[in-house]
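Some notes on the structure that comes next.
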Number of protein chains: 2
Amino acid sequence: MKKIVSVSALAIAGMGLSLPGLANEGMWQPHQLPQLEKTLKAMGLKVPPKKMSTLTSFPMNAIISLGGCTASFVSPKGLAVTNHHCAYGSIQYNSSAEKNLLADGFLAKDFSQELPASPGSRVYVTESLENVSDKIMSGLSVELSGSERYQAIETKEKDMVAACEQDDSYRCEIYSFHGGLEYYLIKQLAIRDVRLVYAPAASVGKFGGDTDNWMWPRHTGDWSFYRAYVNKDGKPADFSKDNVPYEPKSHLKVSAKGVKDGDFIMAAGYPGRTNRYRTSAEVVNNFTWSYPTAKRYREEYIDTIKSVAPAGSDERIKYASTIASLANYAKNYGSMINSYNKGDMLARKKTLEAELQLWIDAKPERKNQYGEAISKLHELVKRYEENQEHDLLYAYIRRTNLLPAAQKLLRLAHEKQKLDAEREPGYQERDMTRFTQGMERIDRRFDAKVDSAVLEHFLEQYAAFDDAERVPAMDKTFGLDEGFNAADVAATLKNMHSTTGLGDKKTRLEWMGKSVADFESSNDPFIKLAVALYDYEMAKEAKSKTLAGELQQARPAYMAAIIAYNTSLGKPIYADANSSLRVTYGKVKGYQPQDGLTATPFTTLEGLAAKVVKGDEEFDAPDALIKAIKDKNYGSYKQKWLGSVPVNYLGTLDITGGNSGSPALNDKAELVGLLFDGVYESIIGDWDYDDNLNRSIQVDSRFMLWVMDKVDGAQNLIDEMDVVR
Amino acid sequence: MKKIVSVSALAIAGMGLSLPGLANEGMWQPHQLPQLEKTLKAMGLKVPPKKMSTLTSFPMNAIISLGGCTASFVSPKGLAVTNHHCAYGSIQYNSSAEKNLLADGFLAKDFSQELPASPGSRVYVTESLENVSDKIMSGLSVELSGSERYQAIETKEKDMVAACEQDDSYRCEIYSFHGGLEYYLIKQLAIRDVRLVYAPAASVGKFGGDTDNWMWPRHTGDWSFYRAYVNKDGKPADFSKDNVPYEPKSHLKVSAKGVKDGDFIMAAGYPGRTNRYRTSAEVVNNFTWSYPTAKRYREEYIDTIKSVAPAGSDERIKYASTIASLANYAKNYGSMINSYNKGDMLARKKTLEAELQLWIDAKPERKNQYGEAISKLHELVKRYEENQEHDLLYAYIRRTNLLPAAQKLLRLAHEKQKLDAEREPGYQERDMTRFTQGMERIDRRFDAKVDSAVLEHFLEQYAAFDDAERVPAMDKTFGLDEGFNAADVAATLKNMHSTTGLGDKKTRLEWMGKSVADFESSNDPFIKLAVALYDYEMAKEAKSKTLAGELQQARPAYMAAIIAYNTSLGKPIYADANSSLRVTYGKVKGYQPQDGLTATPFTTLEGLAAKVVKGDEEFDAPDALIKAIKDKNYGSYKQKWLGSVPVNYLGTLDITGGNSGSPALNDKAELVGLLFDGVYESIIGDWDYDDNLNRSIQVDSRFMLWVMDKVDGAQNLIDEMDVVR
């Protein structure tokens, strides 16, 4: 699953109006589950919802975060299962030309063979969750300016996080809900000795590749196994031979019985970001301007790379993942634009907004409390959109390599002048591992010729903007005052690239230790440009924080109105996704992607075999797997009603990026699969849940067990888990 | 439907082994239907099969050919319905900038408003069919050489055709069945005053365009209406105001009740060409060499055009239909290669061949009669394949414009030296209308720069062939003796194009009247090249006729064995398609295009509306139609079980190109739709009918009537037809 996590123009946390009444919609905070008891029981849940609302008991304490993905404990010895694409970096990290774990897969036959996960890998076990709304809000006068408000909240958050992280076993984070109506401090045990236990071959784990990404029918074996290790005292510790497997308070049983069409399923996980409560004005702007424009920029970006780096060239290979990612989101935006044009989301939003307004207008006290919420939010949104043409293009200019590297390094030098606690998030000591990795990674994805061509392409469009939207330092560096001259800009860029030191990893890392004065006296052309742009960037950031601060007041007010209105109708409201732990429930169910076509809920081993193209990077499969299918060596995993072993299945779970790796659970909270994607028609789900089209894709637990049993010989892991047969 | 009709490497009429036992497979000659009586009755047919076996009574005498397409009479006044894509040329012919019938559609409100169809349009009514096998075979000694045999058959055919066409009201043709085991003389009334009566807008008739071609789900309104006119004596005549509507002996009723899932359907029509009885060796060669190579050539051809004629250029517009056609068949071949690689056609063929061999070997008299049939055919097929690399590439070189034009003109000059009856088919007087049209048409599809680039591209590959596969005259013209020099070849081509007169239509038509001596003394570089190549071409043709003559003996012998074997099993055998009238029967039925996906048999008006993209060339639709759907103005055409009006539906009919426009008939032989395409997975159907995947696509009679009634206001035609409600 490669859903949008953030795009600068779209990144403000969600608010608007959605459809809470529909079945299966909702990413619920665990503490809300008792409110849904009636529905959950009617749908088939056998675990008491109250039990599921406690983070520190089964099954919730078996659900863990990897930071960006979800996983779950499946043995008392810290064995955790997640998606193959979530463990991809660790598999790659342990691969070499001689021992290609990505291609061949990997299985540790005992604990001693387990391999360290990639640097920075973490297992986060949520241990507590505290509503700190009052602490954050107290003393926040309505008189504060936007920037004061933003700063005040950030300071309080940083203080609380720092206090919580006194014990370095923990990672703490403040999560805002409903755009800032509620704040929770979430404390997670941060286990840092994580080891790779088992991954099927990439031709199983990534079967279908980018072609099948977001698509149904699907036949992907998207799972891998990690194990969490702690020191002998049971505390998180760096990798050591003396560490021992972490013993979780509970773990999930794995069902070999699985599910069938219509069965109840649910999933717990850490969905990243949704926009279900945006206003109709924001919807119109995003779907008629932001997404179409971003889609165009991405397509142009790809075309530019391809024109400079012909197929098969070294440069092209370096940019393969950049192209894949650009194309992936161009496809994503395309799907959303299509869905928007075909669907009636906007009409429904407008109806709901009108109903809300009527409800507010019906009583003076409501008018008094919420009356200005909507108009204030509209005004701020309009202000936000004022500079969007400039901002989005500028964001794509900053997606090149060396300019943003120089800017981040310079910012670090500035931030280092402050006390750690006062630094901008992203530049504190706790962020330095990730920062360093980012600086190192550039080497693998960068070529001067391509970087120049892309910059030149977007500068030409930038040069067409009005003066008011231009940045003098940029104009000066590239001589754009008198219009865009392609030859001049190309010559400037060529010169910059031939004299800069930032193309070199060691040099970049050295700049991490330098002072502002070092930057200001540097002759490196990218550093010089970063210095020249610095004041402009800071002013832009200040303006954006001011707006954010105002939104931190306006969105909660608007959201409070929505919640009050829905409460009056007896409807519980879930918050937009914010990377915190959520539960979604639904059914195993197919759908009608188009008139004349029905997606049936299960795929089979025969369907997988039919897709195989030997030698094709995306659709090859291991010989042993193909042979096992040919021999119909299905054992007890074959389902009579299907005539085969199920591979993937569709469900109505309400999910987004970050849910990857979430266990799909049956009515008894046994693991019946792993969530790993959504279908093409549900990409717009980040904005709007449609009961008819929103479908999650799960890899079936029976397929997992069958591959482990009949193909990969992972009997040791099957024995370690509690398999329900 | 744009299925393969002929590709040089694949064009020999079919023979091999197929699966006659499977339900729904078979393109049956009408006289065979009584043999199938039991099956047809069991499936639901209510018309006595015996009645359907007579060409001169209902319903067969209502089924007519347009030459390449099928149509049927639907009123006593000569009103005929066919596909929109079959009448496309006539709609285009009557369109002008002021009155764009393609875009707007056309409806004659009375007879006087009907418009002449495009020049050369014909309605062929089959009046008789005579088995002339004995006449052809008599005196054909086994001693004859291949070329003598070929020539002897051609002479007899031409004589019989000439005798039959004494009455110029008729068009006569000899059709060979089972590769030459049987010959039929078919005599058709050739009505030449054909008028356009009604066509919906292209945005209905071609809705979905090339994107949806061969695809399901489908929402295409692929129908148009013609009327046949004759003179006051009831004889075919050229267009005249005094002509009167032709009165067919019978016509089809049109069902407003239509069909539902599982209902019996059948179709009668003129399928072009299939290869169901090819040997396993031919299958291997075609699917592992011919189609992959032809696909590559087509893709290279497209790339070359695109590189010289950038998007939006005048040249690109000229080549749009060439590119579409090249891409169409590249897609077609791609589908067949996919199906072949996924399926088990080859294994089944080999099994059947082995069974046949066992059956032959089991009795001495069978060995005596058929023993050498298989080995002889294998030997000839091998000989045929010997030069295929050269032949296919040479064929693509000859797909350019001016060289083949020069060659055809020169050939005409040579043929004109003979008596008309002795000329090569294609160069007789009866062919001159079509020949002239071909020479005229070049203008609209030709650009010297593109023509040169394509020629240059393929010449480079040709230059890599061994000497034995090279043509000296070609080498000399382009200086290829010493290898391929791009600059030299380009200069030669540029010079040829700047001095030739053949780029001019008038000049080309003038050459149609010139003598061989005129050609031989010409300085026109393309004429000179044609003259230089002439002896080589004739020798190649003679060789190919020799082989064809030998195959005319070997294939029938092989086919006789297959028929005898199947007769011994009680299985009737249908002949490969050969553009003669056939009947196919089956059911309305969906299918599973892929694991996890079911194609349901009907599409709906809502599905059509969901596909509409305003302003898109392929997916726009008339406002009146969109409005009628929005208003749910469905009248009596709405089906309760579907909740809408059905648009297109899937059936198991066994069809190929040439079946386009065939009426789909219900159990009472009422028209319930028009056949217009097959699904992507059934493109391989020309070689192999797979019960699970072969699906025909029909436009539903209820959709036709609904559009005529609620959108196009064609009440006059509804009144004229016998509509069964």
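The values are calculated or read from the model by the stated rules, or taken from the named source; none is laboratory data. Everything numeric in this text was worked out from a predicted model, so none of it was measured. Cβ placement follows ideal geometry from the backbone for every residue including glycine, while neighbour counts extend to all protein chains displayed. Side chains included, ligands, DNA and RNA excluded: accessible areas come from the protein's heavy atoms. Shrake-Rupley method; radii C 1.70, N 1.55, O 1.52, S 1.80 Å.
Using bins of 10 Å that start at zero, the share of Cα-Cα pairs per bin across the protein assembly as shown amounts to 1, 7, 13, 17, 18, 16, 12, 9, 5, 2, 0, 0, in whole %.
Going down the list B:LYS342/B:LYS449; B:LYS206/B:LYS382; A:LYS50/A:LYS260; A:LYS408/A:LYS476; A:LYS260/B:LYS614; A:LYS506/A:LYS614, which pairs span over 32 Å between their C-alpha atoms? From B:LYS342/B:LYS449; B:LYS206/B:LYS382; A:LYS50/A:LYS260; A:LYS408/A:LYS476; A:LYS260/B:LYS614; A:LYS506/A:LYS614, over 32 Å: B:LYS342/B:LYS449; B:LYS206/B:LYS382; A:LYS260/B:LYS614; A:LYS506/A:LYS614. Using a cutoff of 8 angstrom between alpha carbon atoms and counting only pairs six or more residues apart, the relative contact order for the range A:201-310 works out to 12 percent.
For the range A:594-636, GluC sites (Glu not before Pro) meeting the loop criterion (DSSP other than H, G, I, E, B) and having at most 12 other Cβ atoms within 10 Å: A:GLU617. For A:GLN92 and A:SER141, a Förster radius of 51 Å and the Cβ-Cβ distance give a FRET efficiency of 0.50, rounded to the nearest 0.05.
For the residues of A:208-217, the average number of beta carbons from a partner chain within 10 Å of their own beta carbon is 1. Which value at 222 nm does the protein assembly as shown reach when only helices count, each DSSP H run of 4 or more adding -39,500 (n - 2.57), with the total divided by all residues and rounded to the nearest 500 deg cm²/dmol? -12500 deg cm²/dmol, from helical runs alone. When the protein assembly as shown is described by a simple charge dipole with +1 on each Lys and Arg Cβ and -1 on each Asp and Glu Cβ, the residue from B:TYR183, A:PRO601, B:ALA324 located farthest towards its positive end is A:PRO601. Applying a DSSP loop filter and a limit of 14 other Cβ atoms within 10 Å to the chymotrypsin sites (Phe, Trp or Tyr not before Pro) in the range B:324-380 leaves nothing. All distinct Cα pairs of the range A:142-236 go into the 1/r average, and the inverse of that average, the Kirkwood radius, is 17.6 Å. Our summary gives chain A a relative contact order of 26 percent, counting only alpha carbon pairs under 8 angstrom and 6 or more residues apart.
The equivalent ellipsoid that matches the C-alpha gyration tensor of the range A:456-527 spans semi-axes of 27, 15, 10 angstrom, in descending order. What FRET efficiency comes out for B:GLU372 versus B:GLU482 if R0 is 45 angstrom and r is the Cβ-Cβ distance? Round to the nearest 0.05. Using R0 = 45 Å, I get an efficiency of 0.40.
Taken as Cα centroids, the range A:78-124 and the range A:278-328 sit 31 Å apart, rounded to the nearest whole angstrom. Among the protein heavy atoms of the range A:221-372, carbon and sulfur supply 50% of the accessible surface, probe 1.4 Å, non-protein parts ignored. Dipole size of the range B:589-711 about its Cα centre, with +1 on Lys/Arg Cβ and -1 on Asp/Glu Cβ: approximately 820 debye, rounded to the nearest 20. Dipole of chain B computed with +1 at Lys/Arg Cβ and -1 at Asp/Glu Cβ about the Cα centre; of B:SER145, B:ASN648, B:PHE458, farthest Cα towards the positive end is B:ASN648. Inter-chain neighbour count for B:598-608: the average number of beta-carbon atoms from partner chains within 10 Å of each residue's beta-carbon is 3. Between this copy and the others, label points of B:ASN338 are 1.5 nm apart in ascending order, each placed 7 angstrom from Cα in the Cβ direction. Think of each Lys and Arg Cβ as +1 and each Asp and Glu Cβ as -1; about the Cα centre, that makes the dipole of chain B roughly 2100 debye.
Within chain A, the proportion of Cα pairs with more than 51 Å between them is 11 percent. For the range A:663-692, the residues whose amide N sits under 16 Å from a probe point set 7 Å from the Cα of A:LEU569 along the beta carbon direction are A:688-691. For the peptides B:211-223, B:385-397, A:503-515, the ranking by packing is B:211-223, B:385-397, A:503-515, with the highest mean count of neighbouring Cβ atoms within 10 Å listed first.
For the range A:74-225, the dipole from Cβ point charges (+1 on Lys and Arg, -1 on Asp and Glu) about the Cα centre works out to 480 debye, to the nearest 20.
Summary value for the range B:29-104: 15 percent relative contact order, contacts being C-alpha pairs under 8 angstrom separated by 6+ residues.
Within 10 Å of the Cβ of each residue in A:646-653, the mean number of Cβ atoms contributed by other protein chains is 1.
The value for the range A:355-489 of Rg(Cα) / (2.2 N^0.38 Å) is 1.55.
When the listed pairs B:LYS135/B:LYS543; A:LYS627/B:LYS376; A:LYS257/B:LYS589; A:LYS46/A:LYS640 are checked against a 31 Å cut-off, the alpha-carbon distance exceeds it for A:LYS627/B:LYS376; A:LYS257/B:LYS589.
Excluding ligands, DNA and RNA, the accessible surface per residue across the range B:628-725 is 27 Å² with a 1.4 Å probe. Using R0 = 51 Å, the C-beta based FRET efficiency linking B:GLN113 and B:MET512 works out to 0.90. When B:ASP481 is represented by a point 7 angstrom out along its Cα-to-C-beta vector, the spacings to that point in the other copies are 6.7 nm, nearest first.
Derived value for the range B:94-186: Kirkwood hydrodynamic radius 17.0 Å. Basis is the mean of 1/r over every pair of different alpha-carbon atoms. Lys/Arg Cβ at +1, Asp/Glu Cβ at -1, dipole of the protein assembly as shown taken about the Cα centre: which of B:HIS85, B:PHE526, B:PHE676 is farthest positive-ward? Ranked along the dipole, the leading option is B:PHE676. Packing here is the average count of other Cβ atoms within 10 Å per residue, and on that basis the peptides A:59-71, B:540-552, highest first, run A:59-71, B:540-552. A crude spin-label estimate for the pair B:ASP616 and B:THR351, with each label 7 Å from Cα along the Cβ direction, gives 4.3 nm.
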